[in-house]
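Scroll down for the structure; my scribbles are underneath it.
The values are calculated or read from the model by the stated rules, or taken from the named source; none is laboratory data. No experiment lies behind these values; they were computed from the predicted model shown. Reconstructed Cβ throughout: ideal geometry from the backbone, glycine too, with neighbour counts over all protein chains shown.
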Amino acid sequence: MKTIRLYTTILVNLKLCALEIYTNRTRTMITTLGLFLGVAALLANLAFVRGMDDNLRENMERVGGLNILTIKTVEPVTREEKMKFQSSPGLSIDEAEEIVEELPYVKAVLLYKNLNWNRMTAKGKRTWGKLIAVSREYLDVYNYRVERGRNFTRKDFQRHRHVCIIGKRLAQRLFDKGVNPVGATLLIRNIPLSIIGIIETKNIRNERASECIFPFSVYAMRFSNARRNLNEVSLLLTGSDVVRQAQRDVTHRYLAKHRGVRDFEVEASMDKLREMETAVKGMKIILWSIAAISLIVGGISIMNIMFAGIGDRIREIGIRKALGAQRYDIFTQFIIEAILVCFVGGIPGMVLGALVTLTPPGFFPYIPRLTLLDYSVAFGFTLFAGVFSGLFPSLRAANMQPVEALRY
């Protein structure tokens, strides 16, 4: 019997609330505008947070792990530095290989040379791609995988084979749909490279989708000063527990080899990851703060209108109580009305916020992404805003005395 009573009460109150909202639909739409924008901002921010997390994971994958040291050249700023740096031999492969022999916890040299954007030609089509020369160890550490064709072998590096692997975006721009790029010849700087594989990436907007990777041994053979004047060189360590000691020892040895000139800096991968994580956390705090403020403002706006609506409907409350309505009947009516009002603004806000995931590739620095959990969070915040904004007005309406209410 109590269940039937509760069901009847909720059904009747739903009809009354829907009628009230429809009768004052213009006021309702204006009232829920703040919550509409707040929920849209919340869902859009959740999408960007997901995108930043995905980007952080990709960067962590590109870093290759925590047991890597990167030695980079430092550009001189003053005239004195320019003169001083001239006495330094600069970064070279030879001195990096000497470090591997001198320090037992340094496993290998990860050779890498970014030749930036170059014009590439294949079967009469041209496009721009990022040309990168790497060593075999670099590919293993930085998790380069091939989804079509094959990856490099050690013989490709040892025999200086003119081969390369390219990203999906390059393949789409250089070859017609349905054409298999594997086996075709790619011409870069008048140097022919045979395509042996397509780099595996999660989506076409990934940075690796525009890369062309070829053996460092080919770069060393075809380009002058290839073993010297490097921009950076990486060292693979035996584990992350020796990173700090390796930083000190590598810095000391490079200073000795560079005649005391500090024209380089030694960076650890764990420091890079911490910097990225700190930046992402800061952005998350900002985004969550914006969404929270928007929701609070929207909820307070609805609460004010609910209080004003109760003031206009005091006589209605008195009549319902005089006809036998209990306190919980009145409370249920107004709390349901507040929740419905929030859903009137919250559901369209969720639709607007979800549109950010439909933006074209490259429109945002991150790829916005939403999951079922994100939609559940937005729905839960909308429900919470309804309960929050309707709680105190509903209590006020439920506690009114029938005699006093009927005077209005």
Residue within the range 207-227 that is touching a residue at least 60 places away in the same chain (Cβ under 8 Å) and of a type in the set (Val, Ile, Thr) present: yes
Checking residue 400 against (1) modelled with pLDDT under 75; (2) more than 21 Å from residue 337 (Cβ to Cβ); (3) touching a Gly at 6+ places or on another chain (Cβ under 9 Å); (4) not charged (D, E, K, R), the condition it does not meet: (2)
Residue satisfying condition, being crowded, with 16+ Cβ neighbours inside 10 Å and part of a helix (DSSP H, G or I), within set 282, 380, 349: 349
Tally, over the range 177-201, of residues that are assigned to a strand (DSSP E or B) and crowded, with 20+ Cβ neighbours inside 10 Å: 7
Qualifying residue in the range 255-264 (condition: modelled with pLDDT under 85 and under 29 Å from the mean Cα position of the chain (by Cα)): no
Identity of the residue in the range 368-377, part of a helix (DSSP H, G or I) and within 19 Å of the chain's Cα centre (by Cα), that ends up surrounded by the most Cβ atoms within 10 Å (Cβ to Cβ): 374
Residues of the range 315-345 classified as within 24 Å of residue 299 (Cα to Cα) and either touching a Phe, Trp or Tyr at 6+ places or on another chain (Cβ under 7 Å) or hydroxyl-bearing (Ser, Thr, Tyr) (or both), total: 3
Complete set of residues in the range 121-149 that are touching a Gly at 6+ places or on another chain (Cβ under 7 Å), closer than 25 Å to residue 234 by Cβ and at pLDDT 90 or above: 146
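Output yes when any residue across the range 222-229 is assigned to a strand (DSSP E or B) and touching a Ser or Thr at 6+ places or on another chain (Cβ under 6 Å), and no when none is.
Checking the range 222-229: at least one residue is assigned to a strand (DSSP E or B) and touching a Ser or Thr at 6+ places or on another chain (Cβ under 6 Å).
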Test: residue in the range 196-204 that is at pLDDT 90 or above and touching a Leu at 6+ places or on another chain (Cβ under 8 Å): no
Every pair of residues 6+ apart whose Cβ atoms lie under 7 Å, when the first sits in the range 124-135 and is in contact (Cβ under 8 Å) with a residue 12 or more places away in the chain and crowded, with 21+ Cβ neighbours inside 10 Å while the second is among the basic types (Lys, Arg) and part of a strand (DSSP E or B): 133/113
Filter result (under 16 Å from the mean Cα position of the chain (by Cα), surrounded by fewer than 20 Cβ atoms within 10 Å (Cβ to Cβ) and either over 15 Å from residue 203 (Cα atoms) or not assigned by TED's automatic domain parsing to the domain that holds residue 390 (or both)) within the range 352-363: 354
